[in-house]
Amino acid sequence: MRILITGGGTAGHIHPALAIADEIKKQYPDTEFLFVGAKGRMETEIVPRHGYSIKTITIQGFSRRKSFAGLSHNVKTVYYALTAGPSCKKILKEFKPDIALATGGYVCGPILRQAAKQNIPIVLHDSNSFPGVTTKMLAKLAKVVCLPNEEAVPRIPEGANTVVTGNPIRADFYTYEKAQARKELNLDDRPLLLSLGGSLGAARINELIVDVLKESYQTKTIQHLHATGKMEYDEVCEKLNAEHIPLNADGMDIRRFIEDMPRCMAAADLVVCHCGAMTIGELLASGTPSILIPSPNVAENHQYYNAMTLVNNGAALSIEEKDASSKKLWETITSLIHDSARLEEMGTHAKQRAITYSTKQIVKIIMETLHSK
């Protein structure tokens, strides 16, 4: 069995693909996989580290900037889209997939359109309640469109075959033991705060966390692991240097991106982050308490509603970005992170909300689609 998997640009597209591939490999060890990603994007680094082969095409998304630079970018985007066909044909001819799976991102478009022309069955998965543009454009080419919840169904074009599966989460999020994770990260007995700026970066969270890192450094009462996101690492490091905070200070770990998220979430006593669909799923699977800061720069403010799902069930606190200040965030962190009883209660509530069957259900759909072609 040969499965082509495409999706990328952000961790929210890459990690679901890896979770599904891992489960297929577990159930069907002889399966051959090929990932297709966008040249120069983060999937080209992450996928090989997980043991999978990847080929790339030159493709990019549209810019929303109303400027000459934005127009120039979009002209190039159209050119790449029009010229991606031969590369996609070559990949399909060489690999000869039995089925194609896509998990979102603009890279999916060219390769899946070519797959459809060759009558290769397609399964889509979108992790968001507000499915992406690429998913909606490709929905009618797919045999099945897997969605995270019922709210997403009416947002897919009428006539597409949709199934609600939830979101695939890597198995390690459910099973990593806290003591083992802390040992592997060389942590001491102080509580660990994990903060995330998103896989590419989140300017407001990074801005807030620089001040929180300053407090962490000065008080030395907690350990702090922060991921800046790929695009904002240098800027965060410059700000910390300006505050005379060494990047290798005791109990501080500043990273561009977290590869070992199951380990880090298992080790963490508290997480501060945005609340995209995949992050919410990972927090629930690992049973990790959180302070959620919904991004307002998303379709129909859906991160706010993601956050409220956890807040209303006692698994998280939330601070809206418009209300967030460094002082308020630090006070909220310190009120929680030393209250072990409350953290344990929040973690239990999170774990109770986790959906454990999503990945297996998606794999079952892929196999049924493959055998019915």
Q: Determine which member of the set Lys230, Lys214, Lys220 is crowded, with 16+ Cβ neighbours inside 10 Å, of a type in the set (Lys, Arg) and more than 24 Å from the chain's Cα centre (by Cα).
A: Lys214
Q. Is segment 288-305 home to any residue that is in contact with a Gly (Cβ under 7 Å, 6 or more places away or on another chain) and within 29 Å of Tyr217 (Cα to Cα)?
A. yes
Q | Of residues in segment 23-42 being without any contact (Cβ under 8 Å) to a residue 40 or more places away in the chain and under 15 Å from Ile111 (Cβ atoms), the one surrounded by the most Cβ atoms within 10 Å (Cβ to Cβ) | A | Phe35
Q: Exactly one condition in (1) under 18 Å from Lys351 (Cβ atoms); (2) buried (at least 19 other Cβ atoms within 10 Å of the Cβ) is not met by Leu329; state its number.
A: (1)
Q: Go through segment 247-272 and give me each residue that's touching a Leu at 6+ places or on another chain (Cβ under 8 Å), farther than 14 Å from Ala315 by Cα and not in a helix (DSSP H, G or I).
A: Leu247, Met252, Asp253, Ile254, Arg255, Ile258, Ala268
Q | Pair list, Cβ under 6 Å, 6 or more apart: segment 76-104 residue among the polar types (S, T, N, Q), other residue modelled with pLDDT of 70 or more and in a loop (DSSP other than H, G, I, E, B) | A | Thr103/Gly7
Q) What is the residue count in segment 287-325 for residues that are without any contact (Cβ under 8 Å) to a residue 40 or more places away in the chain, more than 26 Å from Ala341 (Cα to Cα) and assigned to a helix (DSSP H, G or I)? A) 5
Q) Regarding Pro48, is this residue without any contact (Cβ under 8 Å) to a residue 24 or more places away in the chain and either part of a loop (DSSP other than H, G, I, E, B) or hydrophobic (A, V, I, L, M, F, W, C) (or both)? A) no
Q) Taking into account only those residues within segment 144-166 that are in contact (Cβ under 8 Å) with a residue 60 or more places away in the chain and either crowded, with 19+ Cβ neighbours inside 10 Å or not assigned by TED's automatic domain parsing to the domain that holds Asp98 (or both), which is farthest from Ile280 (Cα to Cα)? A) Val144
Q.
Among the residues that make up segment 315-332, is at least one of them of a type outside the set (Ser, Thr, Tyr), at pLDDT below 95 and under 19 Å from the mean Cα position of the chain (by Cα)?
A. no
Q | Qualifying positions in segment 1-27 - part of a helix (DSSP H, G or I) and within 19 Å of Leu92 (Cα to Cα) | A | Ala17, Ala21
**Q.** Residues that are in a helix (DSSP H, G or I) and touching a residue at least 12 places away in the same chain (Cβ under 8 Å), drawn from segment 218-237
**A.** Tyr233, Glu235, Val236, Cys237
Q: Taking the residues in segment 78-115 that are modelled with pLDDT of 95 or more and among the small types (Gly, Ala, Ser) as candidates, determine which candidate is surrounded by the most Cβ atoms within 10 Å (Cβ to Cβ).
A: Ala102
**Q.** Scan of segment 167-204 for residues that are at pLDDT below 90 and buried (at least 19 other Cβ atoms within 10 Å of the Cβ), ordered by number
**A.** Arg170, Gly197, Gly198, Ser199, Gly201, Ala202
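Yes or no, residue by residue, for (1) within 18 Å of Asn161 (Cβ to Cβ); (2) within 21 Å of the chain's Cα centre (by Cα):
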| residue | (1), (2) |
| --- | --- |
| Pro110 | no, no |
| Lys117 | no, no |
| His125 | yes, yes |
| Asn128 | no, yes |
| Leu147 | yes, yes |
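The values are calculated or read from the model by the stated rules, or taken from the named source; none is laboratory data. All of these numbers come straight from a predicted model, not from anything done at the bench. Reconstructed Cβ throughout: ideal geometry from the backbone, glycine too, with neighbour counts over all protein chains shown.
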